[in-house]
Every structure is written in C-alpha cells, then in structure tokens.
Amino acid sequence: MNDQITWELFERQVAACNLCPLCQHILHKVPGQGDRNAPLMLIGEGPGQVEDEQGLAFVGPAGQLLTKMLAAIQLPRERVYICNIVKCRPPHNRIPTPEEAEACKIHLRMQTYLVRPRVILLLGATAAKGVLGDQVRITRDRGIWTERKGVWIMPTYHPSALLRDPAKKSEAWEDLKQVRRKLTELGLYTDLLKEE
Ligand code: URA
C-alpha cells in the first residue's frame, strides 16, 4: 500500500464493488464510519436490516448496545471507527460465507491502512476469524490480545450475542475494561476523552 491509497479511492472502490454476489440484493453498501484518525477500530460481521436501510454500520439494536458498551468506558462512539467484515448485508442476516468475507477483505485492508488504528476490537466470531484466522474460537479466545506490527487486536462477543444471552455481558465488560487499559497503556485514552 502507498500514498495513492486515499479515502476517496476507498469510497469509489466500495461503491463500484461487485466482487461477490451480496451487492445484488441490498439497498445500500455500508462501508463504515466514525473518526478516520481513531486509535480504536471496531470490526463487526456485516450490516443488518437497519444498517442496509441507512448505509451506516451498527445503527440497529446491536448498534445501540454497542454505543452503550462504549459509553461504559466513557468513549463516545464518534471518536472510534466502526466497520464490518463485509460491506453488504447478507440475505436474512445469514453469516457471510468465507468466500464473501475473503472478497471483501480488500476493502477492510484499505480501511485499516487509512485509519492506522493502534487497537482493534473484533466483534464476534466472523470478525475474529476474518482477521485472526479460522482457528479462533470466540468463547475460548475472547479477551486475549494479539499484537501485529504494533497493532493490538482482541476478539470479544458480538453485541447481538449479548442481546441473545445477557449472561455473557460480564465477560464482555471485562474485555472492554481491557481495551480501556490498553489504550491507557499506549497513552491514547485521555486523548479520546478530550472534547473536540
Ligand atoms: N451487526 C454487525 O455485525 N454489523 C452491523 O453493522 C450491524 C449488526
């Protein structure tokens, strides 16, 4: 990747993309949104119905819970960058196939290059496998950091899983506190709390 990679190119590339069949049945592509200089990037699975309607990531019920989770560690969601493994809604919210996830990686790679996050939180198994590899098991590996070229990456439960099974919330809270700790260690947490 080099200096020719720009947000404008990213947007054009996503808009024109037909690398997999998911784009055939959608209302909007959902590239992702938030602070493009954020030290913290959140990656989910793929857009749901509300996200498809609005063209924005995590704005439905799971997104509302995500906003509350971030608020619990005093992070306004506008200060982080939020996106998904796939940018188009899979029909009936099914899990994206490995082929769809693979095809969409070109966009995620470009996005990660542009944001240059120092910490990445992977929401759910699809994001965890998509970024860390197929061997990841979310119940076993959540809360465990992997460092890659100075970027700290951790899987946690997807907010939809927490809506289905609130008993998982205490583990998710432990993971969020770890994110806060890592940002603090890196000297980035107080910056995130500052008013714009
Ligand atoms: N679930 C996801 O994984 N991503 C969204 O954007 C919404 C729900």
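The values are calculated or read from the model by the stated rules, or taken from the named source; none is laboratory data. If you're wondering where the values come from, they're calculated on a predicted model, not measured in any experiment. Using ideal geometry, Cβ is built from the backbone for each residue, glycine included, and neighbour counts are taken over all protein chains shown. Protein only, heavy atoms only, side chains kept; ligands, DNA and RNA dropped before computing areas. Shrake-Rupley method; radii C 1.70, N 1.55, O 1.52, S 1.80 Å.
What is the extension gain from LEU9 to GLU99, computed as 0.36 nm multiplied by their sequence separation minus the C-alpha to C-alpha distance, in nm to one decimal?
On the way: separation 90, 0.36 × 90 = 32.40 nm, distance 2.32 nm.
Between LEU9 and GLU99, full extension yields 30.1 nm more.
Quick one: of LYS105/LYS168; LYS129/LYS149; LYS68/LYS149, which pairs are farther than 20 Å apart, Cα to Cα? It would help to have the intermediate numbers written out before the result.
Working: LYS105/LYS168 29 Å; LYS129/LYS149 18 Å; LYS68/LYS149 30 Å.
Over 20 Å Cα-Cα: LYS105/LYS168; LYS68/LYS149.
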*Pop the C-beta distance of LEU163 and GLN54 into the FRET formula with R0 = 25 Å and round what comes out to the nearest 0.05.*
0.85
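Count the DSSP beta bridges whose two residues both fall in the chain, then state the antiparallel fraction as a percent rounded to the nearest 5.
Numbers: 5 of 18 bridges.
Once the DSSP bridges in the chain are tallied, antiparallel ones form about 30 percent.
Can you tell me how much longer the chain between LEU186 and TRP173 gets when fully stretched, taken as 0.36 nm per residue apart minus their C-alpha distance, in nm with one decimal? Please list the in-between numbers first.
Details: separation 13, 0.36 × 13 = 4.68 nm, distance 2.00 nm.
Gain on extension, LEU186 to TRP173, equals 2.7 nm.
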*Work from the charge dipole of the chain (Cβ charges, +1 for Lys and Arg, -1 for Asp and Glu, about the Cα centre) and give the residue of CYS88, TYR189, ILE26 farthest towards its positive end.*
TYR189
*asked:* Whole angstrom only: what separates the Cα centroid of region 1-61 from the Cα centroid of region 128-184?
replied: 21
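Write down the accessible area per residue of the chain in Å², having rolled a 1.4 Å probe over the full set of protein chains. List each step's numbers first, then the result.
Working: 10000 Å² over 196 residues.
With all protein chains present, the chain gives 51 Å² per residue.
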_What is the percent carbon and sulfur in the accessible area of region 22-184, measuring with a 1.4 Å probe over the protein chains and ignoring ligands?_
54
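Can you tell me the dipole magnitude for region 22-184 around its Cα centre, using point charges on the Cβ only (Lys, Arg +1; Asp, Glu -1), in Debye to the nearest 20?
Working: 25 positive and 16 negative charges, 111 e Å.
Charge dipole of region 22-184: 540 debye, to the nearest 20.
Summing +1 for each Lys or Arg and -1 for each Asp or Glu, what net charge is found among the other residues whose Cβ lies under 14 Å from the Cβ of GLY150?
Values: positive: ARG116, ARG118, ARG148, LYS149, LYS182; negative: GLU147, GLU185.
Local charge sum for GLY150: +3.
Against the 2.2 N^0.38 Å scaling, with N counting residues, where does the chain land? I'd like the Cα-based Rg ratio to two decimal places.
On the way: Rg = 15.7 Å, N = 196, 2.2 N^0.38 = 16.3 Å.
Its radius of gyration relative to the 2.2 N^0.38 Å reference: 0.96.
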